[in-house]
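The values are calculated or read from the model by the stated rules, or taken from the named source; none is laboratory data. A quick note: this is a predicted structure, and the numbers were derived from the prediction, not measured. A quick note on method: Cβ atoms are made from the backbone with ideal geometry, for glycine too, and the neighbour counts reach across all protein chains shown. With ligands, DNA and RNA removed, areas are computed over all heavy atoms of the protein, side chains included. Shrake-Rupley method; radii C 1.70, N 1.55, O 1.52, S 1.80 Å.
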Amino acid sequence: MLRFIRLLVLLPLILFSSCGLSVKPEQLYGKWKYIRLENPNANPPYTMPDFKLKIQVPTIEFTRNNELIMVWGGEVLAHGKFRTDGDKIQFNQLLDGGRTREFPFYVTELSNKEIIFETKGSDATRVTATKE
């Protein structure tokens, strides 16, 4: 009985301590090809059809100089610098006229072959990508 009580006390601690994803820049380096693009908060929720992704060939690249380059349809869609902060990739996007804007990508899953990241809010986008 005492073992059971200890298990009940320790189990939540073990689960909560292993939940936090900590993204390191070296885990991101390289080019990642989008294989799924979703807008989960759209009404109704939307997933881009596979054939559109195959036509546009969207990618996100993280360089060792902490540069982030997003490509869509063969054109650079966005670029700038990035840094990691826990489960977030903070993207400092370079805009026209030397202006910048910073926003986070929340990483929900990351392995050496696949990443799932998303933005938050009513116009949230979730991306699943595989490493090239």
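Values computed for the structure shown
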{"item": "Summed side-chain charge close to Asn41 - residues other than Asn41 whose Cβ falls under 14 Å, Lys, Arg +1, Asp, Glu -1", "result": "-1"}
{"item": "Cα gyration tensor category, rounded, prolate or oblate, for the stretch 63-129 with a/c compared to 1.5", "result": "rounded"}
{"item": "Flagged links, alpha-carbon separation over 19 Å, of Lys52/Lys113; Lys24/Lys131; Lys31/Lys54; Lys31/Lys113", "result": "Lys52/Lys113"}
{"item": "Gyration tensor verdict on the chain (Cα atoms; rounded if a/c is under 1.5, prolate if a/b is larger than b/c, oblate otherwise)", "result": "prolate"}
{"item": "Helix-only CD estimate at 222 nm, as mean residue ellipticity for the chain, using -39500 (n - 2.57) per DSSP H run (n ≥ 4)", "result": "-6500 deg cm²/dmol"}
{"item": "Accessible surface of the stretch 42-132 [probe 1.4 Å, protein heavy atoms]: carbon and sulfur percent", "result": "49"}
{"item": "For the chain, with +1 on Lys and Arg beta carbons and -1 on Asp and Glu, the positive-most of Gly86, Val76, Phe105 along the dipole", "result": "Gly86"}
